[in-house]
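Some notes on the structure that comes next.
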Amino acid sequence: MSNSGQQRDKRPPKGRAEGETHPVPCAPLLSRILRDHRAAPAQGPDGLVFFGERGHQLATSTYSKVWRKARSRALSPQEFASPLAERPYDLRSACVSAWLNSGTPPRQVAEWAGHGLDVLLRIYARILDGSEDESRRRMEGGFDGF
């Protein structure tokens with residue numbers, strides 16, 4: 001229960017003002033699925049994209065049950081027993097890590113993730129460690145013409 005006594009308090013995302021947005025890349029297929037879903041006649045209260053059978057916001061316990069079931073089907077028993085993707089929020093960290101590991105510039109990743117660059121580097125510095133060989137290879141490739 002929240003401070004207001006409701007299931008969830010209505011507030012803007014952390015660090016953003018009411019109505020403020022920021023762009024985040026999305027695979028075209030997922031974009032189409034979400035747009036089609038939003039265009040469907042059934043809409044939840046306050047424009048909710050996903051909602052329960054009675055038209056209300058989904059309970060956290062509902063997300064948890066579905067997530068646990070999905071993890072058990074998608075992961076091996078060893079992976080399921082580990083903390084791998086233990087919560088849906090863990091996917092956000094995995095995505096940010098994948099962007100960084102793919103070589104996307106940290107400033108761009110910070111913008112997409114809604115972080116300041118300093119916060120991104122503090123939280124994800126460990127992801128950037130261990131890439132010295134790749135960094136040296138890229139650097140040497142830049143001097144091929146000399």
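The values are calculated or read from the model by the stated rules, or taken from the named source; none is laboratory data. All figures in this text were calculated on a predicted structure; none of them were measured in a lab. Positions of Cβ are generated from backbone atoms using ideal geometry, with glycine treated the same way; all protein chains shown enter the neighbour counts.
If only residues of region 82-112 that are surrounded by 14 or more Cβ atoms within 10 Å (Cβ to Cβ) and of a type in the set (Phe, Trp, Tyr) are counted, the one that is farthest from residue 16 (Cα to Cα) is 99.
Restrict the check to region 113-121 and report whether at least one residue is loosely packed, with under 14 Cβ neighbours inside 10 Å, touching a residue at least 12 places away in the same chain (Cβ under 8 Å) and of a type outside the set (Gly, Ala, Ser). No, region 113-121 contains no residue that is loosely packed, with under 14 Cβ neighbours inside 10 Å, touching a residue at least 12 places away in the same chain (Cβ under 8 Å) and of a type outside the set (Gly, Ala, Ser).
How many residues are at pLDDT below 80 and either surrounded by 10 or more Cβ atoms within 10 Å (Cβ to Cβ) or at positive phi (or both) if we restrict to region 19-47? Walk me through it before giving the result.
Going residue by residue through region 19-47, those that are at pLDDT below 80 are 19-23, 41-47.
Still in the running and either surrounded by 10 or more Cβ atoms within 10 Å (Cβ to Cβ) or at positive phi (or both): 19-20, 22, 43-44, 46-47.
The qualifying residues number 7.
I'd like to verify a number: residues in region 47-61 that are of a type in the set (Ser, Thr, Tyr) and closer than 14 Å to residue 9 by Cα, how many? Step through it out loud before you land on a result.
Within region 47-61, the first condition is being of a type in the set (Ser, Thr, Tyr), and the residues that meet it are 60-61.
Of the ones still in play, those that are also closer than 14 Å to residue 9 by Cα are 60.
Residues in region 47-61 being of a type in the set (Ser, Thr, Tyr) and closer than 14 Å to residue 9 by Cα: 1 in total.
One line per residue, one yes/no per condition, for (1) over 12 Å from the mean Cα position of the chain (by Cα); (2) in the same structural domain as residue 50 (by TED's automatic domain parsing):
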| residue | (1), (2) |
| --- | --- |
| 65 | yes, yes |
| 69 | yes, yes |
| 99 | no, no |
| 104 | yes, no |
| 108 | yes, no |
| 113 | no, no |
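Being farther than 22 Å from residue 23 by Cα and at pLDDT 90 or above is the requirement here; does residue 79 meet it? First the steps, then the outcome.
Values: farther than 22 Å from residue 23 by Cα: yes; at pLDDT 90 or above: yes.
Spelling it out, residue 79 is indeed farther than 22 Å from residue 23 by Cα and at pLDDT 90 or above.
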